[in-house]
Amino acid sequence: MTRYRFPLLFQFLIFLVPLNIYMWGDWLLVNVQWALFRYQQSEYGPSLIPVYKDINYISLGMTTGWYNIAATAFWTMGAAILLIGFCITIIASINDESSRMKTASYFTVSGGIFLGLSAVCRFFGGFAIPVGVPVILTIGWWMYQVNNKPQETEEGSDNEKIPAQE
């Protein structure tokens, strides 16, 4: 468990880091998006929009346009992939399994890519700054690199050759 303390901590921190900052129009709408919710400031006041509410807005026809639909789809998939990666990290840390931690790193990088695509699509009429997406990609890459090294065993390194038996 202690070996996977940092990957587990970093996976948890992914959900606390603001991922994207958006502005639309002439500062009419400003958003800060995390993995599971978005804070929006507009002329109507502040709003806290969870990912399921954004899906509801699209399904009810309150939000239209290809870019908004694509941004919500990428955000939903990215959040789901990050949650799956977090669950795999918990299981890997409990069972002390390096192969599962490597799988969690794939999910982390994939989730970061989807959230980055969400930033590209979110507000086509303004700008989007993917602040936390590079952090997610870096954490996923680091998790892969740490778990890609050969493991030491009691008898020695995994790279030692076993003598042929005759």
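The values are calculated or read from the model by the stated rules, or taken from the named source; none is laboratory data. Fair warning: this is a prediction, and the values are worked out from it, not measured in the lab. Positions of Cβ are backbone-derived with ideal geometry, glycine not excepted, and every protein chain shown enters the neighbour counts.
Of all the criteria given as (1) at pLDDT below 90; (2) of a type in the set (Val, Ile, Thr); (3) surrounded by 18 or more Cβ atoms within 10 Å (Cβ to Cβ), the one not satisfied by residue 14 is (1). Would you be able to say whether some residue in region 58-71 is buried (at least 17 other Cβ atoms within 10 Å of the Cβ), at pLDDT 90 or above, part of a helix (DSSP H, G or I) and out of contact with any Lys or Arg (no Cβ under 7 Å at 6 or more places or on another chain)? Checked region 58-71: no residue is buried (at least 17 other Cβ atoms within 10 Å of the Cβ), at pLDDT 90 or above, part of a helix (DSSP H, G or I) and out of contact with any Lys or Arg (no Cβ under 7 Å at 6 or more places or on another chain). Considering only region 21-57, how many residues are surrounded by 12 or more Cβ atoms within 10 Å (Cβ to Cβ) and among the charged types (D, E, K, R)? So the answer is 3. Of the candidates 90, 94, 113, the single residue that is aliphatic (A, V, I, L, M), outside any strand (DSSP E or B) and within 17 Å of residue 74 (Cβ to Cβ) is 113. Restricting attention to region 29-57, the residues that are in a strand (DSSP E or B) and more than 22 Å from the chain's Cα centre (by Cα) total 6. Residues that are in contact with a helix residue (DSSP H, G or I) (Cβ under 6 Å, 6 or more places away or on another chain) and closer than 15 Å to residue 77 by Cα within region 116-135 comprise 116, 117, 118, 121, 122, 133, listed in sequence order. All of 104, 119 fail the test of being part of a helix (DSSP H, G or I), within 17 Å of residue 137 (Cβ to Cβ) and in contact with a strand residue (DSSP E or B) (Cβ under 9 Å, 6 or more places away or on another chain), apart from 119.
On the stretch given as region 72-112, residues that are of a type in the set (Asp, Glu) and within 9 Å of the chain's Cα centre (by Cα) total 0. Being under 15 Å from residue 140 (Cβ atoms) and in contact (Cβ under 8 Å) with a residue 40 or more places away in the chain, is that true of even one residue in region 51-69? No - not one qualifying residue is present in region 51-69.
For first residues located in region 119-148 and closer than 20 Å to residue 68 by Cβ, partners that are among the β-branched types (Val, Ile, Thr) and buried (at least 22 other Cβ atoms within 10 Å of the Cβ) and lie 6+ apart or on another chain with Cβ distances below 8 Å form the pairs 119/133.
There is no residue in region 144-152 that is at pLDDT 80 or above, under 19 Å from the mean Cα position of the chain (by Cα) and under 26 Å from residue 21 (Cα atoms). Scanning region 98-106 turns up no residue that is within 19 Å of residue 77 (Cα to Cα), among the basic types (Lys, Arg) and out of contact with any Cys (no Cβ under 6 Å at 6 or more places or on another chain).
For region 120-143, a tally of residues being of a type in the set (Phe, Trp, Tyr) and at pLDDT 90 or above returns 2.
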